[in-house]
1. Can you name the condition, by its number, that B:K59 falls short on among (1) touching a strand residue (DSSP E or B) at 6+ places or on another chain (Cβ under 6 Å); (2) within 14 Å of DNA strand C (Cβ to nearest atom)?
2. Take residues that are within 10 Å of DNA strand D (Cβ to nearest atom) and under 18 Å from B:Q12 (Cβ atoms) and tell me which of the helices (runs of 4 or more DSSP H) falling wholly in the stretch A:12-88 contain 3 or more.
3. When the residues of the stretch B:1-11 are narrowed to those that are part of a loop (DSSP other than H, G, I, E, B) and of a type outside the set (D, E), which ends up nearest to B:L96 (Cα to Cα)?
4. Got a number for residues in the stretch A:31-56 being within 14 Å of another protein chain (Cβ to nearest Cβ) and at pLDDT 95 or above?
5. Check the stretch B:67-81 and report whether any residue there is over 17 Å from the mean Cα position of the chain (by Cα), more than 14 Å from DNA strand C (Cβ to nearest atom) and without any contact (Cβ under 8 Å) to a residue 12 or more places away in the chain.
6. With the condition kept exactly as written, say whether any residue in the stretch B:16-27 is over 16 Å from the mean Cα position of the chain (by Cα) and more than 10 Å from DNA strand C (Cβ to nearest atom).
7. Just one of A:Q19, A:Q12 is within 14 Å of chain B (Cβ to nearest Cβ) and open to solvent by less than 80 Å² (accessible area, probe 1.4 Å); which is it?
8. Return only the number of the condition from (1) open to solvent by 70 Å² or more (accessible area, probe 1.4 Å); (2) away from DNA strand C (no atom under 12 Å from the Cβ); (3) within 19 Å of the chain's Cα centre (by Cα) that B:H114 does not satisfy.
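The values are calculated or read from the model by the stated rules, or taken from the named source; none is laboratory data. Keep in mind that this is a model prediction, so the values were computed, not measured. Don't worry about glycine lacking a Cβ; one is built from the backbone with ideal geometry, like all the others, and counts go over all protein chains shown. When the accessible area is computed, the model is the full protein with side chains, heavy atoms only, and any ligands, DNA or RNA have been set aside. Shrake-Rupley method; radii C 1.70, N 1.55, O 1.52, S 1.80 Å.
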Number of protein chains: 2
Amino acid sequence: MTEPTDFMPTVQALVQCYQAFEAYSAADIRALGLTPPQFDIVATLGNTPGMTATELGDKTLITKGTLTGVVDRLADRGWAERVAHGSDRRCQIVRLTKSGEALFAKVFPAHMAHLAACFSGASAAEHTRWQAALRSLEQAFRKGGA
Amino acid sequence: MTEPTDFMPTVQALVQCYQAFEAYSAADIRALGLTPPQFDIVATLGNTPGMTATELGDKTLITKGTLTGVVDRLADRGWAERVAHGSDRRCQIVRLTKSGEALFAKVFPAHMAHLAACFSGASAAEHTRWQAALRSLEQAFRKGGA
DNA sequence: TGACAATGGTTCTAACACGAACTAAATTTG
DNA sequence: CAAATTTAGTTCGTGTTAGAACCATTGTCA
């Protein structure tokens with residue numbers, strides 16, 4: 001219980017920074033014809049042989065309940081498919097179809113380029129500073145509850 | 001088009017930091033019986049005479065279409081109410097009821113204390129560092145599109 | 001003043017988010 | 001081996017989200 005350092009400006013800065021990123025990124029993704037979670041899944045599955053739904057949920061931080069619906073919609077559009085797991089009949093492997101791989105090859109580089117434009121003026125030192133700050137702040141929230 | 005400084009670790013650090021905050025914060029808010037947007041609105045309206053829905057949306061970054069529903073649910077539970085604006089019949093003033101003010105007095109300090117716990121070991125210098133990093137990163141996203 | 005644009009809110013649709021309940025298929029244990 | 005527990009996914013209920021269409025009211029301006 002030290003003196004109450006004024007933490008709200010830090011929290012607000014984090015929220016505003018994230019929302020600026022999210023707005024910038026989501027607008028581009030939607031212009032490419034996907035929703036952000038859909039892009040997230042396509043980007044995760046691209047150039048892989050597929051993975052179980054649980055693994056996919058872990059990597060994308062999408063809850064399993066939500067994942068069912070998102071994969072359903074990707075499957076409806078012919079971009080993803082579910083195939084049986086060889087040894088565990090509880091598992092479903094989710095993977096991109098040919099059409100889904102083609103989509104990935106189109107939208108992933110496009111979105112990366114869109115993001116790269118933000119950082120054209122940033123030095124490696126700046127990235128180091130950003131990452132160090134973000135990781136230490138993240139640590140505060142992770143151990144804060146303990 | 002300088003060399004492609006590797007920006008993805010920075011973006012990932014931002015997303016992970018924000019999600020750590022969001023998870024930490026939202027769990028507490030839900031335990032207090034509110035959803036995050038509901039808390040946001042109660043916190044914004046607390047200790048004020050109320051404000052128009054547009055103003056409330058601006059402060060909370062909730063779009064007007066969403067705001068209608070969130071305020072509806074707060075009103076259903078007796079925490080908020082809509083009253084007519086004196087001079088502009090298009091406007092509705094949204095404000096907390098007595099019961100809503102009592103809720104605010106209970107949950108707002110509780111949640112602030114919950115957040116403060118994350119920062120018990122943080123110095124003022126650390127906050128300065130975090131805020132500087134977050135604000136410069138935010139700027140990258142804001143002018144990135146231009 | 002009378003058309004016309006801008007503003008404030010609500011409604012609608014499609015999609016996502018979370019948690020809880022549920023089914024089926026492993027895995028663990030006694 | 002059989003019962004109990006865990007794990008994988010789906011389904012369901014409530015709430016949030018963005019954007020577009022819509023209505024009413026105001027403001028502008030020729």
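1. Here B:K59 meets the rest and fails (1).
2. Per the criteria, A:53-60.
3. Initially, the stretch B:1-11 is screened for residues part of a loop (DSSP other than H, G, I, E, B), giving B:1-7.
Pick out the ones that are also of a type outside the set (D, E) and you get B:1-2, B:4-5, B:7.
On the way: B:M1: 52, B:T2: 53, B:P4: 51, B:T5: 49, B:F7: 44 Å.
So, considering only residues that are part of a loop (DSSP other than H, G, I, E, B) and of a type outside the set (D, E), the one nearest to B:L96 (Cα to Cα) is B:F7.
4. Looking only at that region, the number is 6.
5. Yes, the stretch B:67-81 has at least one match.
6. In the first step, residues of the stretch B:16-27 are kept if they are over 16 Å from the mean Cα position of the chain (by Cα); the result is B:16-17.
Those left that are additionally more than 10 Å from DNA strand C (Cβ to nearest atom): B:16-17.
Checked against the condition, which is being over 16 Å from the mean Cα position of the chain (by Cα) and more than 10 Å from DNA strand C (Cβ to nearest atom), the stretch B:16-27 yields at least one hit.
7. Answer to the check: A:Q19.
8. (1)
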